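*Asks:* Before anything else, here's the structure in question.
The values are calculated or read from the model by the stated rules, or taken from the named source; none is laboratory data. What you are looking at is a predicted structure, and each value in this text was computed from that prediction instead of being measured. Quick reminder, even Gly has a Cβ in these numbers, built from the backbone with ideal geometry, and neighbours come from all protein chains shown.
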Amino acid sequence: MATTARPLPFERTLAKTALRASIGTARESKDLLPEDEANLLAGVRVYRDNCAVCHGLPGRPKSAIAAGEFPGPPQLFEPHQMVTDDPEGVTHWKVAHGIRLSGMPGFAETLSDTEQWQVSMLLAHADDLAPRVTTALASAPTGITGESER
């Protein structure tokens with residue numbers, strides 16, 4: 001059960017199957033907020049304060065916390081790990097409810113629904129952000145993600 005151990009047989013398959021069943025019809029949920037710079041910048045604030053320590057920032061190394069988690073959290077601004085092809089409703093569901101046994105907490109009790117949708121919007125457009133939004137993400141203070149010295 002150590003996070004440093006290899007996955008048990010069928011562990012990933014069972015986890016993915018259970019997650020898909022739990023998400024259910026969330027993929028049909030739509031973000032009613034306007035897709036504008038103000039909401040994306042608000043999403044940056046939410047992401048930097050709550051998500052970056054595990055899911056990373058553009059151009060920054062993985063944090064020591066992220067490196068020690070199992071399963072490893074996707075680095076959401078790395079091209080091959082972005083969730084831009086997920087419906088925003090699925091990302092919102094994950095933000096609100098978390099993912100059991102993965103280290104991903106649910107934020108339904110700590111973030112407003114608006115904040116949850118703002119960060120979901122940010123992640124849905126992670127590969128095509130306006131320069132001002134990208135700059136806001138990149139300007140996180142050094143150490144905000146607990147980056148290791150490795």
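*Asks:* Looking for whichever is buried (at least 16 other Cβ atoms within 10 Å of the Cβ), free of Cβ contacts under 8 Å to residues at least 40 places away in the same chain and either more than 26 Å from ARG12 (Cβ to Cβ) or in contact with a helix residue (DSSP H, G or I) (Cβ under 7 Å, 6 or more places away or on another chain) (or both) here; the options are VAL95, VAL90, VAL83, VAL44. Which one fits?
*Replies:* Within the list VAL95, VAL90, VAL83, VAL44, the selection yields VAL95.
*Asks:* Turning to a different aspect of this structure: Grab the helices (runs of 4 or more DSSP H) fully contained in the stretch 52-130, keeping just those with 1 or more residues being within 24 Å of ALA18 (Cβ to Cβ) and of a type in the set (Gly, Ala, Ser).
*Replies:* Helices (runs of 4 or more DSSP H) meeting the threshold: 64-68, 88-97, 113-124.
*Asks:* Still on this structure, please answer the following. In this structure, does ILE65 turn out to be touching a helix residue (DSSP H, G or I) at 6+ places or on another chain (Cβ under 6 Å), aliphatic (A, V, I, L, M), more than 16 Å from LEU111 (Cβ to Cβ) and surrounded by fewer than 16 Cβ atoms within 10 Å (Cβ to Cβ)? Talk me through it step by step, then tell me what you get.
*Replies:* Details: touching a helix residue (DSSP H, G or I) at 6+ places or on another chain (Cβ under 6 Å): yes; aliphatic (A, V, I, L, M): yes; more than 16 Å from LEU111 (Cβ to Cβ): yes; surrounded by fewer than 16 Cβ atoms within 10 Å (Cβ to Cβ): yes.
Here the answer is yes, as ILE65 does meet what is asked.
*Asks:* Quick one: in the stretch 29-41, of everything that is over 18 Å from the mean Cα position of the chain (by Cα) and within 18 Å of TRP93 (Cα to Cα), which residue is surrounded by the fewest Cβ atoms within 10 Å (Cβ to Cβ)?
*Replies:* Within the stretch 29-41, the match that is surrounded by the fewest Cβ atoms within 10 Å (Cβ to Cβ) is LEU32.
*Asks:* Can you tell me which residue is nearest to GLU28 (Cα to Cα) among those in the stretch 47-105 that are in contact with a strand residue (DSSP E or B) (Cβ under 9 Å, 6 or more places away or on another chain) and of a type in the set (Gly, Ala, Ser)?
*Replies:* This residue is GLY98.
*Asks:* Among what's in the stretch 3-52 and is β-branched (Val, Ile, Thr) and at pLDDT below 95, pick the residue that is farthest from ALA124 (Cα to Cα).
*Replies:* Taking the stretch 3-52 as the starting set, the residues that turn out to be β-branched (Val, Ile, Thr) are 3-4, 13, 17, 23, 25, 44, 46.
Within this subset, residues satisfying the condition of being at pLDDT below 95 are 3-4, 13, 17, 23, 25.
Working: THR3: 29, THR4: 30, THR13: 25, THR17: 23, ILE23: 17, THR25: 18 Å.
Taking the candidates together, the pick is THR4.
*Asks:* While we're looking at this one, here's another question. Working carefully through the options ALA26, ALA52, find the one that is surrounded by 15 or more Cβ atoms within 10 Å (Cβ to Cβ) and in contact with a helix residue (DSSP H, G or I) (Cβ under 8 Å, 6 or more places away or on another chain).
*Replies:* Exactly one residue qualifies, and that residue is ALA26.
*Asks:* Would you confirm, using the coordinates I've provided, whether SER102 is in contact with a Pro (Cβ under 8 Å, 6 or more places away or on another chain) and in contact (Cβ under 8 Å) with a residue 12 or more places away in the chain?
*Replies:* yes
*Asks:* Now, a different point. Of the conditions (1) over 29 Å from ALA130 (Cβ atoms); (2) of a type outside the set (S, T, N, Q); (3) surrounded by 15 or more Cβ atoms within 10 Å (Cβ to Cβ), PRO9 fails just one. Which one is it?
*Replies:* Every listed condition holds for PRO9 apart from (3).
*Asks:* If you check ARG20, ARG27, which single one turns out to be in contact (Cβ under 8 Å) with a residue 40 or more places away in the chain and assigned to a helix (DSSP H, G or I)? Walk me through how you get there before you give the answer.
*Replies:* Numbers: ARG20 fails: in contact (Cβ under 8 Å) with a residue 40 or more places away in the chain.
Of the residues listed, the single one that is in contact (Cβ under 8 Å) with a residue 40 or more places away in the chain and assigned to a helix (DSSP H, G or I) is ARG27.
*Asks:* Could you grab me the full set of residues in the stretch 1-17 that are in contact with an Asp or Glu (Cβ under 7 Å, 6 or more places away or on another chain) and either of a type in the set (Lys, Arg) or assigned to a helix (DSSP H, G or I) (or both)?
*Replies:* Listed by number, the list is empty, since nothing qualifies.
*Asks:* Hey, ALA140 hits all of (1) in contact with a Leu (Cβ under 6 Å, 6 or more places away or on another chain); (2) modelled with pLDDT of 95 or more but one; which does it fall short on?
*Replies:* The failed condition is (2).
*Asks:* Another question, if that's okay. Name the residue that is nearest to the chain's Cα centre (by Cα), counting only residues in the stretch 1-25 that are within 17 Å of VAL95 (Cα to Cα) and polar (S, T, N, Q).
*Replies:* Residue satisfying both the conditions and the ranking: SER22.
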